[in-house]
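Worksheet: one structure, shown below.
The values are calculated or read from the model by the stated rules, or taken from the named source; none is laboratory data. Everything numeric here is computed off the predicted structure, so don't read it as measured data. A quick note on method: Cβ atoms are made from the backbone with ideal geometry, for glycine too, and the neighbour counts reach across all protein chains shown.
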Amino acid sequence: MVLLIKDEYPEKLFQENGKRLDGRDKKELRPIKMEVDILKNADGSAYIEWGNNKIFAAVFGPREVHPHHLSKPDKGILRVFYRMATYSVFDRKRPAPGRREKEISMIIADCLEPVLFLELYPGTAFEIFIEVIDADGGTRCASTTVASLALADAGIPMKSLVTALAVGKIDGELVVDLSGIEDKAGEGDLPIAITWFNDEISLLQFDGEMDLSELDTILKDAKEAAKKIYEIQVNTLKNKYISIQNNIEKEKGGED
Amino acid sequence: MEEEEQVSQENNEIEDEEASRELVVPGEVLTEEVQDFIPGRGTIFNKDKTKIISLHIGLKNINKNYINVIPLRGIYTPQPGDKIIAIVVDKNPVKYKCDINAKDFAQLKPRNTVKRMKSRIGKRNYDREELNTEKFDIGDILIVKVLSADRLNKPELTTIGKYLGKKNGGIVISIDPPKIPRLIGRNGSMIKMLKNLTKCNIFVTQNGRVWIKGDNIAYERLLIEAIYKIEREAHTTGLTDRMQLFIENEKKNRGIE
């Protein structure tokens, strides 16, 4: 029997009780789980599960630049390689990097660059490899979040972590953290990245329609939601070391 | 035995602050009292100079009125005068290319490898054909001193000096460079303990490489495990005592005495 799945979006993006299709409130985030230091050979690495998104990030560097003509004599460069696995989306994705991958690699590099001290490492490159294993809306934001975590884990001097999330408008309502179906069927989609050094916005893309007054409201909501994600980032980084200390104390307690 | 030990200048930094072991992450505000404190190592002012902010994941340390962050992960930056372990990765008639675990490869020129020829002093008819520089091969492990190192140029090395030159035998292992001060301990207490208990020769260098040579392979294996354990638990308290207990227990379990 042939399985036919039509490429159709539901007419309404809200349930009758006012909740979203996956049962969330308007300003509720999807469940987020992060881990650091999971890849052995990388200098720093991190993993995130954000709703149905599953993303790995690995950081190498500073190291020599290949091809050499890309290196700059007065500062280091940051290269990001965002790639999606062939099985990460519903239709098989061709493995060759396309227009979308190159664009997302560029915007992630541009929004992480302000927090790094690249002028301390002239002639070298920092390289971030991001592999999307499973995608369901907002992968560029999740990738930025996990890439900054991997950079911090590698011990590279940074002014602050970077947190990103997508906000937008669906069925005339402003919502936080769009899922895949809301991203496609909604009216507006606005990925935003915040650097916590002076609370500056490092990335702002927009696709769709929205009033200027609505934009102000949604930016405030986005910042509040980003603070929750930032807390998870900080706790993940610290837990790696705190858990070792706790294990030792447990062993001590067991012996006594 | 020769005293092969490089006591770090930084080795007291982690040990001195037994009381404050606060973990901080990049971007975390260390203090808002800017009048009382000065940003030290691993810290920075924010734009309006109202806060002092951490740059690394590490331990907060207050020394007089300086606020420092001792990093837990990081890369080695060569400084002139450091004694480090280098691996020859390439050679040509004018220089050797060495891997020193930093962002650049270092170079070792033949004029910096001149042998000290005691036998030649006082001799009139020595063989002029004889080479007076040491020859190395790709893959050799050298103990070298950094002559010059800065942000822009490749570091330059030398093998002229006490204890410097090619190492034969032994094992080289790598750990995170920021954890080297913990491996040495306060005034070398940790490294002395390891040497006494495992009867091995250890040479610890600033770029995160440790050279080990013992009489017995069982002791060497135990020592390598102990060093990796120190690296993993570098931020915890009471490490030296715990390591002593660990090695004594393991010795009994493995039946080596």
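Each row is one residue, and each column tells you yes or no for (1) closer than 30 Å to residue B:104 by Cβ; (2) within 14 Å of chain B (Cβ to nearest Cβ); (3) among the aromatic types (Phe, Trp, Tyr).
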{"position": "A:13", "(1), (2), (3)": "no, no, no"}
{"position": "A:16", "(1), (2), (3)": "no, no, no"}
{"position": "A:23", "(1), (2), (3)": "no, no, no"}
{"position": "A:28", "(1), (2), (3)": "no, no, no"}
{"position": "A:34", "(1), (2), (3)": "no, yes, no"}
{"position": "A:46", "(1), (2), (3)": "yes, yes, no"}
{"position": "A:50", "(1), (2), (3)": "no, no, yes"}
{"position": "A:54", "(1), (2), (3)": "no, no, no"}
{"position": "A:59", "(1), (2), (3)": "yes, yes, no"}
Q: Scan the stretch A:140-161 and give yes if some residue there is under 15 Å from the mean Cα position of the chain (by Cα), closer than 28 Å to residue A:14 by Cβ, in a strand (DSSP E or B) and of a type outside the set (Lys, Arg), otherwise no.
A: no
Q: Output the residues belonging to the stretch A:154-170 that are closer than 30 Å to residue B:175 by Cβ and either more than 14 Å from chain B (Cβ to nearest Cβ) or buried (at least 24 other Cβ atoms within 10 Å of the Cβ) (or both).
A: A:154, A:156, A:158, A:160, A:161, A:162
Q) Scanning for something basic (Lys, Arg), in contact (Cβ under 8 Å) with a residue 12 or more places away in the chain and over 27 Å from residue B:79 (Cβ atoms), does the stretch B:200-223 turn up at least one residue? A) no
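Per-residue answers, yes or no, for (1) farther than 14 Å from residue A:28 by Cα; (2) surrounded by 14 or more Cβ atoms within 10 Å (Cβ to Cβ); (3) modelled with pLDDT of 95 or more:
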| residue | (1), (2), (3) |
| --- | --- |
| A:172 | yes, no, no |
| A:183 | yes, yes, no |
| A:195 | yes, yes, no |
| A:212 | yes, no, no |
| A:221 | no, yes, no |
**Q.** Residue, farthest from the other protein chains (Cβ to nearest Cβ), within the stretch B:212-237, restricted to residues that are of a type in the set (Gly, Ala, Ser) and in a helix (DSSP H, G or I)
**A.** B:218
Q: Those residues that are over 27 Å from residue B:236 (Cβ atoms), within 14 Å of chain A (Cβ to nearest Cβ) and surrounded by fewer than 20 Cβ atoms within 10 Å (Cβ to Cβ), I need them from the stretch B:45-83; list them, please.
A: B:45, B:46, B:47, B:48, B:49, B:50, B:51
**Q.** Scan of the stretch B:48-92 for residues that are closer than 13 Å to residue B:26 by Cβ and not in a strand (DSSP E or B), ordered by number
**A.** B:55, B:56, B:57, B:72, B:73, B:74
Q. Among the residues of the stretch A:203-213, is any touching a helix residue (DSSP H, G or I) at 6+ places or on another chain (Cβ under 6 Å) and either free of Cβ contacts under 8 Å to residues at least 24 places away in the same chain or more than 9 Å from every other protein chain (Cβ to nearest Cβ) (or both)?
A. yes
Q) Name the pairs: first residue in the stretch A:225-245 and at the interface with another protein chain (Cβ under 9 Å from one of its Cβ atoms), second residue among the hydroxyl-bearing types (Ser, Thr, Tyr) and in a helix (DSSP H, G or I), Cβ to Cβ under 7 Å, at least 6 apart or on different chains? A) A:233/A:145
Q. So which residues in the stretch B:201-211 are out of contact with any Gly (no Cβ under 8 Å at 6 or more places or on another chain) and more than 14 Å from chain A (Cβ to nearest Cβ)?
A. B:202, B:203, B:204, B:205, B:206, B:207, B:209, B:210
Q. Across the stretch A:56-95, what is the number of residues that are over 28 Å from residue A:35 (Cα atoms) and exposed (fewer than 11 other Cβ atoms within 10 Å of the Cβ)?
A. 9
(Q) I'd like to check something: does the stretch A:6-17 contain any residue that is of a type in the set (Ser, Thr, Tyr) and not in a loop (DSSP other than H, G, I, E, B)? (A) no
Q.
Just the residues that are within 23 Å of residue B:141 (Cα to Cα), among the aliphatic types (A, V, I, L, M) and either surrounded by fewer than 19 Cβ atoms within 10 Å (Cβ to Cβ) or in contact with a Ser or Thr (Cβ under 7 Å, 6 or more places away or on another chain) (or both), please, taken from the stretch B:181-217.
A. B:184, B:217
Q) Which one is nearest to the chain's Cα centre (by Cα), of the residues in the stretch B:140-186 that are in contact (Cβ under 8 Å) with a residue 60 or more places away in the chain, more than 18 Å from residue B:201 (Cβ to Cβ) and assigned to a loop (DSSP other than H, G, I, E, B)? A) B:176
Q: Please enumerate the residues belonging to the stretch A:80-128 that are within 14 Å of another protein chain (Cβ to nearest Cβ), not in a helix (DSSP H, G or I) and not β-branched (Val, Ile, Thr).
A: A:116, A:117, A:121, A:122, A:123, A:125, A:126, A:127
